[in-house]
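Engineer: This is the structure I have questions about; it appears just below.
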Amino acid sequence: MAVLFEPLRLRELVLKNRIVISPMCQYSAENGIASDYHLVHYGRFALGGAGLVILEASAVLPEGRITHGDLGIWSEAQVPDLARIAAFLKTHGAAAGIQIGHAGRKASMQRPWFGNGPLGTEDFARGDVPWEVVAPSPIPLDEGWLVPAELTPDAMDRIRDAFVAASRRADRAGFDTVELHCAHGYLLHEFLSPLSNRRGDRYGGDRDGRMRFPLEIAQAVREAWPEVKPLFVRVSAVDGLDSGVTIEDTLAFAARLREIGVDVVDCSSGGLAGSATAARVTRDYGFQVPFAERIRREAEITTMAVGLITDPRHAEDVVAAGGADLLAIGREALSDPNWPHHAEAALAAAPADQPFASWPKQAGWWLERRARELARLGPWRGPLRAGTERA
């Protein structure tokens, strides 16, 4: 059997395969509340055969949103619609996860299709007005961006409490796992990077100081999150910028996360000085797999790889060779929500006499009959247009 389709146990959660749908912001919520769009969007990935579907970054505080359209988990009013999504995912065979985070200095910005930059007059006219942003240090993302207020100890306590409260809401909503967002230039990554953290107190300075606040939040969430449920942390393994976070920094961070009781490190990169996906690492197929492999081996923790993994044979090679324990599929899943089912066929991982057994029965029985018809007919050979003949 293909390793990609072997189950994986994480505490008391058993994933049916190693394929995870990566959290991808949709910027389509109202006041942080999920809609029917989100139900259908995430539901199609469960129907498509993924082992775990992780909902997009959900803000632990209103001012922690990236945009006005972000999902939120700061209020009890947001729980019922999230619970509806989690229940659907689990009913259809996928585990349900949710990423929780705070955008820090990258909060209060445009939705990507409006420019992906600071809010401007056209955004104000749409009702998207800015709010005050916060960060470890008062260093803006770039020229023209809001200058963040430096977080005080009291404000940090409030944020820590908000992460804990969000994890408890996620549990009540029925999610199987929570992922802390410590990547892509958002608040917890801002603490980790010496380029954005210039604090002079115990939460800045050397690596241990810069790790302190993210580790405190991870520990507080681990203590609040049920012991039987796994906890994920997404990291930017490197900043890809001079004097930024290095892989050695992330190895030290991952080792501390393991000691706290974090179960999986989700390995991405970049994003500190640009958009969330602006890795300053040369892009090629699986370009972030080496980070996952090294963290898995040296920090001795379960890892998830992400980044231009599009071919099932490539995915199988990664997990079979020990490059990562889980594969996160992002934009490829947007293009093909049935990617896991198609990967199963490509890797001959399904029983030969039941090739559609893992598909929803509502679709599988149709496809089984179509396969018999296609086998009878052979490849389609034309005509290409009316009035032409077969070759």
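The values are calculated or read from the model by the stated rules, or taken from the named source; none is laboratory data. Everything numeric here is computed off the predicted structure, so don't read it as measured data. Note that we place each Cβ from the backbone using ideal geometry, even for glycine, and neighbour counts take in every protein chain shown. Accessible surface is based on the protein model in full, side chains and every heavy atom, while ligands, DNA and RNA are left aside. Shrake-Rupley method; radii C 1.70, N 1.55, O 1.52, S 1.80 Å.
Engineer: Would you pick out the residues in region 26-53 that are outside any helix (DSSP H, G or I) and either without any contact (Cβ under 8 Å) to a residue 40 or more places away in the chain or of a type in the set (D, E, K, R) (or both)? Before you say what the answer is, go through the steps one by one.
Structural biologist: Start the filter on region 26-53 by keeping residues that are outside any helix (DSSP H, G or I), which leaves 26-35, 48-53.
Result: 30, single match.
Engineer: Can you say whether residue 363 is in a loop (DSSP other than H, G, I, E, B), aliphatic (A, V, I, L, M) and surrounded by fewer than 16 Cβ atoms within 10 Å (Cβ to Cβ), as far as the supplied structure shows?
Structural biologist: no
Engineer: Which one is farthest from residue 27 (Cα to Cα), of the residues in region 104-120 that are part of a loop (DSSP other than H, G, I, E, B) and not basic (Lys, Arg)?
Structural biologist: If we filter region 104-120 for residues that are part of a loop (DSSP other than H, G, I, E, B), which is where we start, we get 107-108, 110-111, 115-117, 119-120.
Next cut, not basic (Lys, Arg) only: 107-108, 110, 115-117, 119-120.
On the way: 107: 13, 108: 12, 110: 10, 115: 13, 116: 11, 117: 14, 119: 14, 120: 17 Å.
The extreme case among them is 120.
Engineer: While we're on this one: Return the residues of region 292-317 that are outside any loop (DSSP other than H, G, I, E, B), within 19 Å of the chain's Cα centre (by Cα) and either of a type in the set (D, E, K, R) or buried (at least 22 other Cβ atoms within 10 Å of the Cβ) (or both); say none if nothing qualifies. Can you show your working first?
Structural biologist: Taking region 292-317 as the starting set, the residues that turn out to be outside any loop (DSSP other than H, G, I, E, B) are 292-298, 302-306, 312-317.
Within this subset, residues satisfying the condition of being within 19 Å of the chain's Cα centre (by Cα) are 292-293, 295-296, 302-306, 315.
Answer for region 292-317, where residues must be outside any loop (DSSP other than H, G, I, E, B), within 19 Å of the chain's Cα centre (by Cα) and either of a type in the set (D, E, K, R) or buried (at least 22 other Cβ atoms within 10 Å of the Cβ) (or both): 292, 293, 295, 296, 303, 304, 305, 306, 315.
Engineer: Given the options 87, 77, name the one that is out of contact with any Ser or Thr (no Cβ under 8 Å at 6 or more places or on another chain), open to solvent by 10 Å² or more (accessible area, probe 1.4 Å), over 30 Å from residue 358 (Cα atoms) and part of a helix (DSSP H, G or I). Lay out the reasoning, then the answer.
Structural biologist: Details: 87 fails: over 30 Å from residue 358 (Cα atoms).
Result: 77 is the single residue among 87, 77 that is out of contact with any Ser or Thr (no Cβ under 8 Å at 6 or more places or on another chain), open to solvent by 10 Å² or more (accessible area, probe 1.4 Å), over 30 Å from residue 358 (Cα atoms) and part of a helix (DSSP H, G or I).
Matching residues to (1) open to solvent by less than 30 Å² (accessible area, probe 1.4 Å); (2) within 20 Å of the chain's Cα centre (by Cα); (3) of a type in the set (S, T, N, Q):
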| site | (1), (2), (3) |
| --- | --- |
| 70 | yes, yes, no |
| 91 | no, no, yes |
| 95 | yes, yes, no |
| 100 | yes, yes, no |
| 106 | yes, yes, no |
| 118 | no, no, no |
| 124 | no, no, no |
| 129 | no, no, no |
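Engineer: Show the residue pairs meeting these rules: Cβ distance below 8 Å; 6+ apart or different chains; first residue within region 357-384 and polar (S, T, N, Q); second residue assigned to a loop (DSSP other than H, G, I, E, B).
Structural biologist: Listed pairs, sorted by first residue: 358/49; 358/350.
Engineer: Quick check, is residue 161 over 21 Å from the mean Cα position of the chain (by Cα), of a type outside the set (Phe, Trp, Tyr) and more than 30 Å from residue 52 (Cα to Cα)? Walk me through how you get there before you give the answer.
Structural biologist: Working: over 21 Å from the mean Cα position of the chain (by Cα): yes; of a type outside the set (Phe, Trp, Tyr): yes; more than 30 Å from residue 52 (Cα to Cα): no.
Here the answer is no, as residue 161 does not meet what is asked.
Engineer: Would you confirm whether any residue within region 44-65 is at pLDDT 95 or above, open to solvent by 10 Å² or more (accessible area, probe 1.4 Å), under 17 Å from the mean Cα position of the chain (by Cα) and among the hydroxyl-bearing types (Ser, Thr, Tyr)?
Structural biologist: no
Matching residues to (1) over 25 Å from residue 140 (Cα atoms); (2) more than 20 Å from the chain's Cα centre (by Cα); (3) open to solvent by 40 Å² or more (accessible area, probe 1.4 Å):
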residue: 272; (1), (2), (3): no, no, no
residue: 284; (1), (2), (3): yes, no, yes
residue: 290; (1), (2), (3): yes, no, yes
residue: 323; (1), (2), (3): yes, no, no
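Engineer: Any chance region 182-193 includes a residue that's over 22 Å from the mean Cα position of the chain (by Cα), touching a residue at least 12 places away in the same chain (Cβ under 8 Å) and open to solvent by 20 Å² or more (accessible area, probe 1.4 Å)? Write out each step before concluding.
Structural biologist: First, pick out the residues of region 182-193 that are over 22 Å from the mean Cα position of the chain (by Cα): none.
No; the residues of region 182-193 include none that is over 22 Å from the mean Cα position of the chain (by Cα), touching a residue at least 12 places away in the same chain (Cβ under 8 Å) and open to solvent by 20 Å² or more (accessible area, probe 1.4 Å).
Engineer: Take region 158-192 and flag every residue that is in a helix (DSSP H, G or I) and aliphatic (A, V, I, L, M).
Structural biologist: 159, 162, 164, 165, 166, 170, 187, 188, 192, listed by residue number.
Engineer: Output yes when any residue across region 93-103 is without any contact (Cβ under 8 Å) to a residue 24 or more places away in the chain and either at positive phi or part of a loop (DSSP other than H, G, I, E, B) (or both), and no when none is.
Structural biologist: Taking every residue of region 93-103 in turn, none turns out to be without any contact (Cβ under 8 Å) to a residue 24 or more places away in the chain and either at positive phi or part of a loop (DSSP other than H, G, I, E, B) (or both).
Engineer: With the checklist (1) assigned to a strand (DSSP E or B); (2) out of contact with any helix residue (DSSP H, G or I) (no Cβ under 6 Å at 6 or more places or on another chain) in hand, flag the one item residue 23 doesn't pass.
Structural biologist: Going through (1) assigned to a strand (DSSP E or B); (2) out of contact with any helix residue (DSSP H, G or I) (no Cβ under 6 Å at 6 or more places or on another chain) one by one, residue 23 breaks only (1).
Engineer: Moving to a separate point now. Do we find a residue being open to solvent by 10 Å² or more (accessible area, probe 1.4 Å), under 20 Å from residue 100 (Cβ atoms) and aliphatic (A, V, I, L, M) anywhere in region 235-255?
Structural biologist: Within region 235-255, not a single residue is open to solvent by 10 Å² or more (accessible area, probe 1.4 Å), under 20 Å from residue 100 (Cβ atoms) and aliphatic (A, V, I, L, M).
Engineer: Could you please give the count of residues in region 201-229 that are buried (at least 19 other Cβ atoms within 10 Å of the Cβ) and over 17 Å from residue 182 (Cβ atoms)?
Structural biologist: 1
Engineer: Between residues in region 121-134 that are assigned to a loop (DSSP other than H, G, I, E, B) and residues that are modelled with pLDDT of 95 or more and among the basic types (Lys, Arg), which pairs lie under 9 Å by C-beta distance while being six or more apart or on different chains?
Structural biologist: Hits for this filter: 128/111; 131/65; 133/105; 133/106.
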